[in-house]
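The values are calculated or read from the model by the stated rules, or taken from the named source; none is laboratory data. All of these numbers come straight from a predicted model, not from anything done at the bench. No Cβ is skipped: glycine too gets one built from the backbone with ideal geometry, and neighbour counts run over all protein chains shown. Side chains are part of the model used for accessible areas, which takes the heavy atoms of the whole protein and leaves out ligands, DNA and RNA. Shrake-Rupley method; radii C 1.70, N 1.55, O 1.52, S 1.80 Å.
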There are 2 protein chains.
Amino acid sequence: MASSPEAASTSHQGRSGLSQQRVIELAGALDERLGRQIAFITELDKLKGVLRRSLLIDTSRYENTAEHSWHLAMLALCLAEYAGDDVDLHRALKLVLVHDIVEIDAGDTYIYDVEASRGKEALEQAAADRLFGLLPEDQAAEFRSLWDEYETRDTPTGRFAYALDRLQPLLLNAASGGRSWREHGIAAHQVRAMNGPIVEGSEKLWSLAAAVIDEAVQAGALIPDDDVPRDHDA
Amino acid sequence: MASSPEAASTSHQGRSGLSQQRVIELAGALDERLGRQIAFITELDKLKGVLRRSLLIDTSRYENTAEHSWHLAMLALCLAEYAGDDVDLHRALKLVLVHDIVEIDAGDTYIYDVEASRGKEALEQAAADRLFGLLPEDQAAEFRSLWDEYETRDTPTGRFAYALDRLQPLLLNAASGGRSWREHGIAAHQVRAMNGPIVEGSEKLWSLAAAVIDEAVQAGALIPDDDVPRDHDA
């Protein structure tokens, strides 16, 4: 089943060793389609190096987007009962696994950084073109449609996935004592505005979010609404 | 929907701030079941601190088990076509997401460390009892059955999930130039023995693994079989 030593030696000619590119070539030599899939899979490794603004609960470091995506998938499994009957749970899992892959090229945008959020869309579209474009065409289209469904939130499944993506950093920020909120000087009304869409994915999970936000204000981790000028756009 | 400031103030009495425990209590006050789910979900954060022996492809650091689990889920999505028709792809996704959660208590065991692998089973069973036991009983049983199916590999779905879990570090090790293999002095026959079960999950993916192993030997990243005494148990 393995290629003969002679064949391996020949294909290795002029190369100094193993590399991501070489692994992709080996897969492509077996099957062009597999080569494209391995190109995408190895490129995904870079998501482990994209840092978010949420600290781990033990506050030892910032969370990266790959482990965040796994955590979201676990929320999807554990909290499935709070989704409406019209949510496709298998697809919701896929949405949360795929939703942040564009950050490999576009980086993570802090949701409370309005300035940075403005240029985000064009960057993310280009990232989706390049990254999903590594895959065979049918799969590129499938992954793009997953990402689009997450971004537009025009289905119950997309809204449930989005609710989980809002709830997870809220839980992390609160469980780690609210340090990330304190450091960035975040106000309760900002958190309520940004996390309000949770209610469209699940009323129960919004009740939890609201209780956590109230508690964070009480604990001094979020600036109370009376202390800051209201943002009428929020 | 949020509790009133008075109520929050009362429930906050005597506490100095936000914490993982406080977030669990808030969830439990809404609903005992939700409290258990949030206890499990916040505990899962610790999997991000469990380090494996595989380096990221850019060799900047070791991979942790949470991001590894996400990467496996992406392999499950991208390589689904190489699974047999008898594989339940939704369940395969769940298996790879859940399969390493026990490492929160039991740690990661390097697959080539035979000594450490001996005490592993009892540790992992205790870890499964504690961790899945945080959940409501029905979910604890569900997650335990997922983990058991992965561990025993007595279904096509379990064997496919296991194949992905073997293939992913092989791809990472090769794409990062084989440094982890070199550092641990790993031989080709060890890698073939440990990764042989890939063939039970997918013949095509085993062809890829075999080609990568041959190439790693050619590149000097794995010790060729002629250079070491054979292990007849392998």
- Item | Pairs of lysine residues in chain A - Cα separation under 21 Å, sequence separation of 8 or more or cross-chain | 4
- Item | Neighbourhood net charge (12 Å Cβ-Cβ; Lys/Arg +1, Asp/Glu -1) for A:SER207 | -2
- Expected sort for A:143-156, B:174-187 on mean C-beta neighbours within 10 Å, highest first, is B:174-187, A:143-156
- CD proxy, 222 nm, chain B: helix-only mean residue ellipticity via -39,500 (n - 2.57) per DSSP H run with n ≥ 4, per residue, nearest 500, stands at -18500 deg cm²/dmol
- Item | Listed residues B:VAL114, B:VAL23 arranged by accessible area, highest first, probe 1.4 Å | B:VAL114, B:VAL23
- Item | Long-range Cα-Cα pairs in the range B:22-99 (distance over 13 Å), rounded percent | 74 percent
- Considering protein heavy atoms only and a 1.4 Å probe radius, which residues within the range A:94-111 exhibit an accessible-area decrease of no less than 40 Å² in the full assembly relative to the chain by itself? A:LEU97
- Task: Using only the C-alpha atoms of the protein assembly as shown, find the volume of their convex hull and express it per residue in Å³.
- Result: 151 Å³
- The simple spin-label model distance between A:HIS90 and B:GLU121, using points 7 Å out along Cα→Cβ, in nm, is 3.4 nm
- Task: Sum up the charges of everything whose Cβ sits under 9 Å from the Cβ of A:LEU146, counting Lys and Arg as +1 and Asp and Glu as -1, but leave A:LEU146 out.
- Result: 0
- Might you tell me the accessible area per residue for the range B:43-192, computed with a 1.4 Å probe and given in Å²? 35 Å²
- Roughly how much accessible area, to the nearest 100 Å², goes out of reach of solvent when A and B pair up, both sides summed, probe 1.4 Å? 6700 Å²
- Item | Solvent-accessible area, 1.4 Å probe, carbon plus sulfur percent, for the range A:94-234 | 47 percent
- Just which residues of the range A:164-178 lose 20 Å² or more accessible area with every protein chain there, against their chain alone, with the probe set to 1.4 Å? A:LEU171, A:ALA174, A:ALA175, A:GLY177
- Provide the three semi-axes, in whole Å and in decreasing order, of the ellipsoid equivalent to chain A as defined by the square roots of 5 times the Cα gyration tensor eigenvalues. 40, 20, 16
- Label 7 Å beyond Cα on the Cβ vector: B:GLY17 copy-to-copy distances, nm: 4.5
- Note on the structure: Note, B:ASP129: beta-carbon cut-off 12 Å, +1 each Lys/Arg, -1 each Asp/Glu, net 0
- Message: So if each residue of separation counts as 0.36 nm, and I subtract the Cα-Cα distance between B:ARG179 and B:ASP148, what length gain in nm does that give?
- Response: 7.9 nm
